[in-house]
Amino acid sequence: MTAPILQVKDLSVYYNKKKALNNVSVDFYPNEITALIGPSGSGKSTLLRSINRMGDLNPEVTLTGAIDYNGRNIYSPRTDTVDLRKEIGMVFQQPNPFPMTIYENVVYGLRINGIKDKQVLDEAVEKSLISASIWDEVKDRLHDSALGLSGGQQQRVCVARVLATSPKIILLDEPTSALDPISAGKIEDTLYGLKEKYTMVLVTRSMQQASRISDRTGFFLDGDLIEYDQTKQVFLNPRHKETEDYITGKFG
Ligand SMILES: Nc1ncnc2c1ncn2[C@@H]1O[C@H](COP(=O)(O)OP(=O)(O)O)[C@@H](O)[C@H]1O
Ligand SMILES: [Mg+2]
């Protein structure tokens, strides 16, 4: 059996006194897509943000437990968050390209890391945009503003921007819910294709999306991880009544 690449252990997260995640333990496996589902406010985004240490700058956030990446707790004081975010990238619900050219968006992380060689940057741009399935659409306008692209194209540029830093894990927080169905489908296909090389954790409101592209699914309710299993098991034969009610649309 393959070893997990990321292990969340007994994680609880508070915003001041409010508990948003309650002793959650979950293992993520390499080259899989894990879908996180559950109603609004159930703690899905809090879990994703915790994996990227995005609560670090918010004095209201307290966290107990551990998140081991490659066997080391990312919350250990020795972890450099800049390095961590190179390995664990994140894509958000609203496409958020920077107000710069498509090219500069993609090389942003590389420039921060001091890479200046034009050939290296050019290659990274082409490779990342190809992997994000948007190269053909933008190859003749790399030096135009990314803000001139459609929402779906912008989101694929954001995926390319993450890929350019060669991450191992990509966290995606409802990456298609602000997009029209055709653009959403393109992102979905892109993510499916990226499984070969990356591990993904995908928060989604779409049960169809979770069942189409994920290998495992976790169902959250009020900060608890109620059920976590192979996606087929969760959707075809859920063990908990709450899971069944949610996936059949009884609430949420
Ligand atoms: N920055 C924040 N400050 C205070 N409370 C927050 C913050 N972010 C989320 N919460 C609360 O934490 C709980 C979980 O939220 P969240 O992780 O965003 O859930 P989900 O992504 O499943 O909708 C909710 O009750 C939400 O109101
Ligand atoms: Mg959320």
Criterion (among the polar types (S, T, N, Q) and at pLDDT below 95) met by exactly one of Thr46, Thr81, Thr34, Thr62: Thr81
Residue match in the stretch 169-176 (condition: over 26 Å from Leu84 (Cβ atoms) and within 16 Å of ligand 1 (Cβ to nearest atom)): no
Which listed residue is of a type outside the set (Ser, Thr, Tyr), out of contact with any Leu (no Cβ under 8 Å at 6 or more places or on another chain) and either in contact (Cβ under 8 Å) with a residue 24 or more places away in the chain or assigned to a strand (DSSP E or B) (or both), from Asp245, Asp229: Asp229
Residues satisfying the stated conditions in the stretch 39-52, i.e. in a loop (DSSP other than H, G, I, E, B) and either within 8 Å of ligand 1 (Cβ to nearest atom) or surrounded by fewer than 18 Cβ atoms within 10 Å (Cβ to Cβ) (or both): Pro39, Ser40, Gly41, Ser42, Gly43
Single match in Asp245, Asp180 (criterion: away from ligand 2 (no atom under 16 Å from the Cβ) and out of contact with any helix residue (DSSP H, G or I) (no Cβ under 9 Å at 6 or more places or on another chain)): Asp245
Whichever residue in the stretch 216-226 is assigned to a strand (DSSP E or B) and charged (D, E, K, R) and, among such residues, is nearest to Ala20 (Cα to Cα): Asp224
Where Leu194 falls short, out of the listed (1) more than 18 Å from Thr34 (Cα to Cα); (2) within 13 Å of the chain's Cα centre (by Cα): (1)
Boolean, Gly55 is within 16 Å of ligand 2 (Cβ to nearest atom), surrounded by 14 or more Cβ atoms within 10 Å (Cβ to Cβ) and at pLDDT below 95: yes
Helices (runs of 4 or more DSSP H) wholly inside the stretch 112-184 that include at least 1 residues being under 19 Å from Gln209 (Cβ atoms): 151-163
Residue pairs meeting the criteria (Cβ under 8 Å; at least 6 apart or on separate chains; first under 17 Å from Gly55 (Cβ atoms), in the stretch 76-94; second of a type outside the set (A, V, I, L, M) and surrounded by fewer than 17 Cβ atoms within 10 Å (Cβ to Cβ)): Thr79/Arg72; Thr79/Asn73; Thr81/Asp56; Ile88/Lys168
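The values are calculated or read from the model by the stated rules, or taken from the named source; none is laboratory data. For clarity, every value in this text was computed on a predicted model and none was experimentally measured. So basically every Cβ, Gly included, is an ideal-geometry build from the backbone, and we count neighbours across all protein chains shown.
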